[in-house]
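The values are calculated or read from the model by the stated rules, or taken from the named source; none is laboratory data. Keep in mind that this is a model prediction, so the values were computed, not measured. Neighbour counts run over all protein chains shown; Cβ positions are idealised from the backbone, glycine included. These accessible areas exclude ligands, DNA and RNA; they are computed on the full protein's heavy atoms, side chains included. Shrake-Rupley method; radii C 1.70, N 1.55, O 1.52, S 1.80 Å.
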Amino acid sequence: GESGLRVDELLHLEVEKDLFFKSRKVQTRHAKAAKGSGKRARVTLFTPLARDTLRFYLDKARPHFTEERTGLVFPSKGGGRLRYESAREALVEMVRVAQKAGFAVSDHMSWHWFRRIFATRFVERFPNKMAVLIELLGHMSPNTVHRYIRHSEAWMERQITEALEGADKWPFIGT
């Protein structure tokens, strides 16, 4: 989720082929084939949080999940690829545990929300790099990416306040 991958792309990741810790990149070779774009590999960000979490998971947790030897990052108990339904059920359980622990997590949280969060945070931090975001998400058009961006009310309020504070410097026509 930290890297903006779709859940299906996450379920197809392989340790040796798709995780590049040194160059801080993640690659998916199982991209969505939308509008004839075809399945193509693409690279996205491998953030420090994602790298540290995956290092811990691969070293400490993953060896306890499967007895089968597999290259998959997230294997099933038998060593094969996890089904989408299993990933969905796991997220439902994670949301339940987080809510029970007092975290404000929405009941309608889905794996795709992580892509939305990634896109929103990226554009908030790098507003002039929309072309980069389009590439990282594997989209062909900015119109598709704009559907992902969901700014918080607090962020919007800050942006409006900044615009209003700078309004006296604008070269208004006819004033």
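Figures for the structure shown
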| read-out | value |
| --- | --- |
| Residue, surrounded by the most Cβ atoms within 10 Å (Cβ to Cβ), within the stretch 45-76, restricted to residues that are in contact (Cβ under 8 Å) with a residue 24 or more places away in the chain and either among the hydroxyl-bearing types (Ser, Thr, Tyr) or farther than 26 Å from Ile117 by Cβ (or both) | Thr47 |
| Count - residues of the stretch 77-94 that are over 18 Å from Asp107 (Cα atoms), in contact with a Phe, Trp or Tyr (Cβ under 8 Å, 6 or more places away or on another chain) and open to solvent by 90 Å² or more (accessible area, probe 1.4 Å) | 1 |
| Evaluation of Glu16 against (1) open to solvent by less than 60 Å² (accessible area, probe 1.4 Å); (2) at pLDDT 90 or above (one fails), failing number | (1) |
| Scan of the stretch 61-86 for residues that are in contact with an Asp or Glu (Cβ under 9 Å, 6 or more places away or on another chain) and either assigned to a helix (DSSP H, G or I) or closer than 23 Å to Leu5 by Cα (or both), ordered by number | Thr70, Gly71, Leu72, Val73, Pro75, Ser76, Lys77, Gly79, Gly80, Tyr84 |
| Residue within the stretch 156-165 that is assigned to a loop (DSSP other than H, G, I, E, B), β-branched (Val, Ile, Thr) and loosely packed, with under 12 Cβ neighbours inside 10 Å present | no |
| Matching residues, the stretch 136-145, being in a helix (DSSP H, G or I) and surrounded by 14 or more Cβ atoms within 10 Å (Cβ to Cβ) | Leu136, Leu137, Thr144, Val145 |
| Qualifying residue in the stretch 122-135 (condition: touching a strand residue (DSSP E or B) at 6+ places or on another chain (Cβ under 7 Å) and assigned to a loop (DSSP other than H, G, I, E, B)) | no |
